[in-house]
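First up is the structure itself, then whatever we jot down about it.
The values are calculated or read from the model by the stated rules, or taken from the named source; none is laboratory data. Just so we're clear, the structure is a prediction, and the values are computed from it rather than from any experiment. Glycine also receives a Cβ, built like all others from the backbone with ideal geometry; neighbour counts cover every protein chain displayed.
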């Protein structure tokens, strides 16, 4: 049986209305509900299903964050993961953490854990970078299958159906490999109270990011953050000619 590692991220809950800080420097996260990135929940669910099917022997979840990120790790344990790892940073380090640094930190964990398969969300809903999985696979020199909508593991290979612009593409990769999940792969389960209680006793190991010898300096700088422009109300036009005129001269879309 294989060992699966699932990297996850703690993000602002998708139901929360985002607020920008008054100085336009970042999104305001004070007193805001945080939760597991939805794509990462799909990755956890897929890993747990593979374990329940007898394909995987152990599921390990890992996240990079402050001590507050233990809540999403406990949620993953309640879903069925066996162990959790927190790569702990302070708040200032987390604020400037970028995908390449995350991939490098995760590689250190991978080198120690030696999993056969990584399953991760295709992107996080806060920055929408869609980079960490690809960078991690490149750093490890592993094959990757992104945007998976179906995964079958057998005979040391992963057969992955991917969602692409033209439809569906099915590829096969040798293990060890990295797979990133798309929305239609599965529907994550709800955690039950007994499983939440059991999760409290499952192992959660803490690693200190500064002890891992990784350059976490940001490569990009955020110049400003602003809310989208408010949508203006629509207008009625008298005929097709007037519609075309406004699309051409005012909206400038034709």
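Could you tell me whether residue 152 is surrounded by fewer than 19 Cβ atoms within 10 Å (Cβ to Cβ) and either in contact with a helix residue (DSSP H, G or I) (Cβ under 8 Å, 6 or more places away or on another chain) or free of Cβ contacts under 8 Å to residues at least 24 places away in the same chain (or both)?
Values: surrounded by fewer than 19 Cβ atoms within 10 Å (Cβ to Cβ): yes; either in contact with a helix residue (DSSP H, G or I) (Cβ under 8 Å, 6 or more places away or on another chain) or free of Cβ contacts under 8 Å to residues at least 24 places away in the same chain (or both): yes.
Yes, satisfied.
For region 213-244, which residues satisfy the criterion of being surrounded by 10 or more Cβ atoms within 10 Å (Cβ to Cβ) and over 27 Å from the mean Cα position of the chain (by Cα)?
237, 242, 243, 244
How many residues are part of a helix (DSSP H, G or I) and buried (at least 21 other Cβ atoms within 10 Å of the Cβ) when one looks only at region 51-93? So that I can check it myself, show each step before the final result.
Of the residues in region 51-93, the ones part of a helix (DSSP H, G or I) are 51-52, 67-79, 91-93.
Filter again for buried (at least 21 other Cβ atoms within 10 Å of the Cβ), leaving 69, 72-73, 75-79.
Number of matching residues: 8.
Would you mind finding the one in 178, 185 that is crowded, with 18+ Cβ neighbours inside 10 Å, under 17 Å from the mean Cα position of the chain (by Cα) and at pLDDT below 95? Spell out how you get there, then give the answer.
Working: 178 fails: at pLDDT below 95.
Just a single option satisfies the conditions, and that option is 185.
I need every pair where a residue in region 126-138 that is at positive phi and part of a helix (DSSP H, G or I) has its Cβ under 6 Å from the Cβ of a residue that is modelled with pLDDT under 95 and exposed (fewer than 15 other Cβ atoms within 10 Å of the Cβ), sequence separation at least 6 or different chains.
Once the first residue is at positive phi and part of a helix (DSSP H, G or I) and sits in region 126-138, no partner that is modelled with pLDDT under 95 and exposed (fewer than 15 other Cβ atoms within 10 Å of the Cβ) comes close enough.
Exactly one condition in (1) without any contact (Cβ under 8 Å) to a residue 24 or more places away in the chain; (2) at positive phi; (3) assigned to a strand (DSSP E or B) is false for residue 147; which is it?
Here residue 147 clears every test but (1).
Suppose we filter 161, 210, 170 for residues that are surrounded by fewer than 16 Cβ atoms within 10 Å (Cβ to Cβ), more than 17 Å from the chain's Cα centre (by Cα) and assigned to a strand (DSSP E or B); which single one remains?
Matching residue, one of 161, 210, 170: 170.
Could you tell me which residue of region 21-38 is modelled with the highest pLDDT, considering only residues that are surrounded by 13 or more Cβ atoms within 10 Å (Cβ to Cβ) and more than 29 Å from residue 77 (Cβ to Cβ)? Working first, answer last.
Here is the first cut: in region 21-38, the ones surrounded by 13 or more Cβ atoms within 10 Å (Cβ to Cβ) are 25, 27-29, 32, 34-38.
Filter once more, so that each one left must be more than 29 Å from residue 77 (Cβ to Cβ): 25, 28.
Numbers: 25: 81, 28: 84.
Per the criteria, the residue is 28.
Counting just the residues of region 1-20 that are farther than 15 Å from residue 76 by Cβ and part of a loop (DSSP other than H, G, I, E, B), which one comes out modelled with the lowest pLDDT? First the steps, then the outcome.
To start, the set of residues in region 1-20 that are farther than 15 Å from residue 76 by Cβ comprises 1-3, 12-20.
Those still in the list that are part of a loop (DSSP other than H, G, I, E, B) too: 1, 13-19.
Working: 1: 88, 13: 91, 14: 90, 15: 89, 16: 88, 17: 88, 18: 83, 19: 86.
Top of the filtered list is 18.
Among the residues of region 99-131, what is the count of those that are surrounded by fewer than 17 Cβ atoms within 10 Å (Cβ to Cβ) and either under 12 Å from the mean Cα position of the chain (by Cα) or closer than 24 Å to residue 227 by Cβ (or both)?
Count: 7.
Answer with yes or no whether residue 32 is closer than 15 Å to residue 85 by Cα and not in a helix (DSSP H, G or I). Give the steps one after another, and end with the answer.
On the way: closer than 15 Å to residue 85 by Cα: no; not in a helix (DSSP H, G or I): yes.
So residue 32 fails the test.
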